[in-house]
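Step one of this worksheet: look at the structure below.
What follows is calculated from the coordinates using simple rules that are stated; it is not laboratory data. Keep in mind it's a predicted model, so treat the numbers as computed, not measured. A quick note on method: Cβ atoms are made from the backbone with ideal geometry, for glycine too, and the neighbour counts reach across all protein chains shown.
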Amino acid sequence: MSDFADALLREKTVLVTGASSGIGRAFAQRASAHGARLVLVARRTDVLNTLAKELHASHGTDVRVISGDLSRPGAGTTLFNDVVAQGLSVDVLVNNAGVGAHGDLVTANSADIVSQIQLNVTTLAELTTLFLPAMTAAGSGTVINIASTAAFQPIPHMAVYGATKAFVLSFTRALWAETKSTGVRVIAVCPGATDTEFFDIVGEAASVGRRRTPDDVVDTALRALRRHRPDVVDGFSNAAVAALSTRLPARVAIAAAERSVRP
């Protein structure tokens, strides 16, 4: 897989959203190790700057840091314009930034719901739409959209999060079909419970099963990209549960999901 990763990443410009921690940070570290140039995007400028210094010290990586809140309307266009203004051409787009919330919709703050949809759905689709034309024109490029095992069935108590990830999976599968003859690789990566800051935000009750690591997710993504797959679930047990969820009657799948994440 190392040879494939070298071909995919070496001397390529890789843009990673949500790069300050977790899966995004792991993608940035892996790309750096394989000789990529990096554009790191997140809200926490200080964390990004520290990571940029570490990657430059370890691998001599050329790293650009762009801080911004991708949950704001128009954030994708603002980021795209910033990248273009710096004279950069993105070869690999990793749409990793996302957020979830644990609790019933009836008690949710409507502004938080809108912000979650903006980040998980709208900005992801916006960035993909803006960066894809240059990739197809060049006949090469990669779009990696981070979905979730929550995409495969409704998730009571995380209703909006599950729905946003179902969008990411469906959107990316369709895009894979649209681009498969263009030389561009497109994939939806579906992690289950992963050892990231996500559970610091949504709470431990949303964690199901043994957590995998961000590096596991990156390994899974690269293997699936090499095989030109439209999507992949990280971890054997997660893949088995996801496959089963799509075959169960809806009421059964929903009940099982509800028991798993009940507050």
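Zone of Ile113 (label point 7 Å along Cα→Cβ, backbone N under 18 Å): which residues in region 134-173? Only 154-167 pass the distance filter.
When the convex hull of its Cα atoms is viewed from all sides, the chain shows a mean projected area of 13.3 nm².
For region 1-261, the antiparallel share of DSSP beta bridges with both residues in that region comes to about 0%. Taking all Cα pairs closer than 8 Å and separated by 6 or more residues, the relative contact order of region 2-86 comes to 24 percent.
Would you mind getting me the FRET efficiency between Ser237 and Ser170? Use the beta-carbon distance for r and R0 = 25 Å, nearest 0.05.
0.60
Using DSSP loop states and a limit of at most 14 other Cβ atoms within 10 Å to flag trypsin sites (Lys or Arg not before Pro), what is the longest stretch of the chain containing no flagged site? Excluding the exposed sites themselves, the longest stretch runs over 45-179.
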